[in-house]
Ligand code: GLA
């Protein structure tokens, strides 16, 4: 047995002793191609599940406790299973595990005393959704087939853990794609109906994520502000049209017509969301038609909108995007994820990938003194057991 499976089994046995082999689960991180900051306005997103994932080996414990060892931070935490329904957040990595365990209890699922050995290859703080990967992997580890929980319910439960327990008012994208990712495909999620379709990218092009290696503190509070500003825009528009329940229901002409009824800043936030929803649609069509140039232009338009209207970028991300779009073989570049650091996503002609990675690393190092990691993304399947 090769790869993560043998590593996990060995690690688990070292930590918890021999006996029965543990069950192994995996839940991927994601890179979002387009549709940024649209999910909590119930719009469209187009992420890809990554080969980088959170893995958990899980087996029964005999002392009534849920225990987790993280191989990444080399720490362990534990809780009485009977107390899980009432635990409180600790403000650290284990909250993603505890939050999911608590939500499972609240959903009426039986959480058995268990030992978890976890190891994640999704870089933390990179905007590639290491937290959703951890949440979904935890749910997969603690649930078994008899639980009867549908996959969509798992995604929603993990989102609740992040919102209600960790305290981050996120949308559904990250948990959804971690559950429903599909190898070789991007997944267009309708964040209102919670349905999805898959789309294959044209041949000869690769998705490269470049990690700025920075994460500005502002991220969490700005995210809350943006959620509130979108709500404010909806309130202003729905005063004249009660059918508008979220920015998903608004067209650009309708937004323009209401511009005077909201502060300029709120108008700009809404303009990003409404125009970004349209870009997702156009990107899908361009992808199906193999129009790489147009796909790249939409990437850049998305970035500019996030940079100027939504204001969730940062100088390092702007520098990476501006540098990338002048390089050979690059069709387009944009920030991906929540922003304020983390990664850019780049559409690069496959035969130019290695030169691009070396080139971008060199100029970023020159400018910021930081060596940026980069990842060639392989669209992968969503969460499941591994053998
Ligand atoms: C974070 C959130 C997602 C989404 C993105 C921005 O990753 O968890 O729900 O809002 O930011 O698109």
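The values are calculated or read from the model by the stated rules, or taken from the named source; none is laboratory data. The structure displayed is predicted, hence computed values, not measured ones. Please note: Cβ atoms are built from the backbone with ideal geometry, for glycine as well, and neighbour counts cover all protein chains shown.
Of note:
- Residues satisfying the criterion are present in region 4-27 (criterion: within 16 Å of the ligand (Cβ to nearest atom) and within 29 Å of residue 182 (Cβ to Cβ)).
- Selection count where residues are in contact with a strand residue (DSSP E or B) (Cβ under 6 Å, 6 or more places away or on another chain) and part of a strand (DSSP E or B), scope region 61-79: 10
- Subset of region 60-78 (residues that are surrounded by fewer than 20 Cβ atoms within 10 Å (Cβ to Cβ) and more than 26 Å from residue 127 (Cβ to Cβ)): 60, 61, 62, 63, 64, 65, 67, 76, 78
- Failed item in (1) part of a loop (DSSP other than H, G, I, E, B); (2) more than 16 Å from the ligand (Cβ to nearest atom), with residue 116 passing the rest: (1)
The rows are residues; the columns are (1) in the same structural domain as residue 352 (by TED's automatic domain parsing); (2) free of Cβ contacts under 8 Å to residues at least 60 places away in the same chain; (3) within 14 Å of the ligand (Cβ to nearest atom); (4) assigned to a helix (DSSP H, G or I).
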residue	(1), (2), (3), (4)
134	no, no, yes, yes
138	no, no, no, yes
158	no, yes, yes, yes
162	no, no, yes, yes
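- So residue 338, is it at negative phi and not assigned by TED's automatic domain parsing to the domain that holds residue 131: yes
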